[in-house]
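The block underneath contains the structure these notes are about, expressed in structure tokens.
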Amino acid sequence: MRKPTLNGLTTIPPRICAAVFAGLISCLAAQNAPSPAGSGTDAGSAGTGTKAAASSQGKLLFGQCPPGTKVEFATITDQPLGLAGAWVVLGKQDMAHFVSDPTHGLALAKELDAIPVVWLALRDGWPDGKFVDQDIIDVAHALAEFKNSKGEPQTSIVRLFLEPWNRNWHGPKDAATYKQWWTRAAKLFRANGCGPDRVILSADFFPSGVKPQDVRSWIPDEAQLIGLDLYQLKALTPGTAPNKIVLAVVAEAEARKLPIAVLESGIADGVTEADGSAFISKLFDFVQQHAVAWMFGSYDWSRVNELAANGWKNGLLSSNPALLAEFRQRLAGMKWRPAPFHSGKQGG
């Protein structure tokens, strides 16, 4: 079928804007009954997801982001996923691996028959103006050629760029340079087979310490989507500094008539503590009210030394049956109707 286009996304009324994005995702993710590959389980492993693949329900605009695994997601939901995360470290990663990686690559998206959500990680900057150009072109070619399990061209979501200021990821710390790099990469995608209806370009991440009133300066005019990371309770607790940033992002999305997607989330405060349950409740409320799509990572963050040093704990849902049951119940009851756009059902 012919895919909807997002060429006019930034200029059309908000309700139409949401409808276009919703139609894009729904048409791609729920054309027919999901294939058996949509189970969210590892090949050859048993899981409840296999049952859902035989049903006629559409796919949730929900998916696993690295470092979550297919096995873990088989415990989280038995409903077909509509999104699958893929990771590219520009200048460091072999493009063949990006295409073939069955855990965090395009192969996973094809197996799940899901929309790829591609992280572009910029680790060492763009010092000579050419360092990662070829990598971006190669990613663009891979996405331009990517097809779903039915052999149909598949739209992707691309995040430009992943965490250039976080931990050991080096990059610009001023908005002007960030937008310059973002725009350069966007032009490379557009010039290499990835038009606005083929690759949806997301503006993501806001540096630590940015003031809420400065959020708008970090969002390029060409962005089709605004992405958020939500990991800790304080980001969703009114009055806190992180929550003021989140609210500023929501306000800017409304002002620009752009959809919001939570493209990374997870429980960083610990699944065994009361904060874990509080975070899940607030996360679901936020997604229900504001987001058109949502990615989640279920992982023991304390295994990453840098994160553990900053207080991140075990966020593996399967390690806490009560919290897992709460999560599954809330996910099963999701109504994919994003606010403030209030426009139509977003999936199954």
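The values are calculated or read from the model by the stated rules, or taken from the named source; none is laboratory data. Only a predicted model underlies this, so the values are computations on that prediction, with no experimental measurement involved. Ideal geometry is used to build each Cβ from the backbone, glycine not excepted, and the neighbour counts take in all protein chains shown. Just so you know, the surface numbers come from the protein's heavy atoms only, side chains and all, with ligands and any DNA or RNA stripped out. Shrake-Rupley method; radii C 1.70, N 1.55, O 1.52, S 1.80 Å.
What to note about this one:
- A residue that is open to solvent by less than 30 Å² (accessible area, probe 1.4 Å), in a loop (DSSP other than H, G, I, E, B) and not hydroxyl-bearing (Ser, Thr, Tyr) occurs nowhere in region 229-250.
- Qualifying residue in region 312-324 (condition: at pLDDT 90 or above and hydroxyl-bearing (Ser, Thr, Tyr)): yes
- Scanning region 290-316 for residues being open to solvent by less than 10 Å² (accessible area, probe 1.4 Å), touching a strand residue (DSSP E or B) at 6+ places or on another chain (Cβ under 7 Å) and small (Gly, Ala, Ser) gives a total of 4.
- Set ASP197, ASP269: member being touching a Leu at 6+ places or on another chain (Cβ under 8 Å), touching a residue at least 24 places away in the same chain (Cβ under 8 Å), open to solvent by 10 Å² or more (accessible area, probe 1.4 Å) and under 30 Å from ALA322 (Cα atoms): ASP269
- Residue selected from region 70-118 under the condition among the hydroxyl-bearing types (Ser, Thr, Tyr) and free of Cβ contacts under 8 Å to residues at least 40 places away in the same chain, by the criterion surrounded by the most Cβ atoms within 10 Å (Cβ to Cβ): THR103
- Qualifying positions in region 277-313 - under 21 Å from the mean Cα position of the chain (by Cα) and not hydrophobic (A, V, I, L, M, F, W, C): SER281, LYS282, ASP285, GLN288, GLN289, HIS290, GLY297, SER298, TYR299, ASP300
- When residues of region 200-223 are limited to those that are open to solvent by less than 10 Å² (accessible area, probe 1.4 Å) and over 13 Å from the mean Cα position of the chain (by Cα), the one farthest from LEU316 (Cα to Cα): PRO220
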